[in-house]
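Structure record follows, encoded as structure tokens.
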Amino acid sequence: MRKMMVRTALTAFGAAGATAACGGTATAPPAAPPSSPAAASTSASAAPSSTAPTTSSAPKPFPAAADGTNLRACADGDCEILVTGPVTIRFDKSLGMSSLDITAVSPAGVDFQSVSPSGTVVSAMGQTPSQGGASTINRLSFEVVALEGSKAVVRFTHT
């Protein structure tokens, strides 16, 4: 019986709240009048202002790569290119590798692979813009600047 009384009280409270929310005649205690003109102007200025910070849900536009799709711009180890699938990028041998393959570009990340002059295969799989910085192979650093679907902007710098 005690449980039923609690439910009844909550139901009655909920009905009164719903009536007030729907424009019914729920009575509220009267507001106290301001004690001085200064208090009245203070309460009037407490209204929300139009300079309140807003959050934007619009996605950022995909950035343009500084060197577009020009893979030859990477020969010296300093470039920013747009890739949309597997490519081989050729570098000056002074960087410790003559080429680097991008083997996949997908929403999961960009996969890189290179073969060192000694024949060692080095891979960096699933590289994303949010991984916290560049990866480095020999004297070449690379980082995924932007990734959207099957396109990515990749930046290379020599170290």
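A short reminder: the numbers here are calculations on the coordinates, not readings from a lab. Keep in mind the model is a prediction, meaning the values are calculated, not measured. Neighbour counts run over all protein chains shown; Cβ positions are idealised from the backbone, glycine included.
Modelled this way, with points 7 Å down the Cα-to-C-beta line, the labels at R90 and F62 are 2.7 nm from one another. Out of G77, G109, V153, whose Cα points farthest toward the positive end of the dipole of segment 71-158 (charges: +1 Lys, Arg; -1 Asp, Glu; placed on Cβ)? Value: G77.
Amide H contacts of L140 (H built 1.01 Å from N, in plane; Pro and chain starts excluded): T159 sit under 5 Å, all sequence-distant by 5 or more or on other chains. Put a plus charge on the Cβ of each Lys and Arg, a minus charge on the Cβ of each Asp and Glu, and nothing anywhere else: the dipole of segment 71-158 about its Cα centre is then about 140 debye. Using the Karplus relation 6.51 cos²θ - 1.76 cosθ + 1.60 with θ = phi - 60°, the per-residue 3J(HN,Hα) values for segment 128-145 come to 9, x, 8, 7, x, x, 7, 9, 10, 10, 6, 10, 10, 9, 9, 8, 7, 7 Hz, with x marking Gly and Pro. Here the spin labels are modelled as points 7 Å beyond Cα on the Cα-Cβ line, and at S98 and R72 they lie 1.9 nm apart.
Less than 5 angstrom separates the built amide H of A146 from those of V153, all sequence-distant by 5 or more or on a different chain.
Between the alpha-carbon centers of segment 62-114 and segment 116-154, tell me the distance in whole angstrom. Centre-to-centre distance over Cα atoms comes out at 9 Å.
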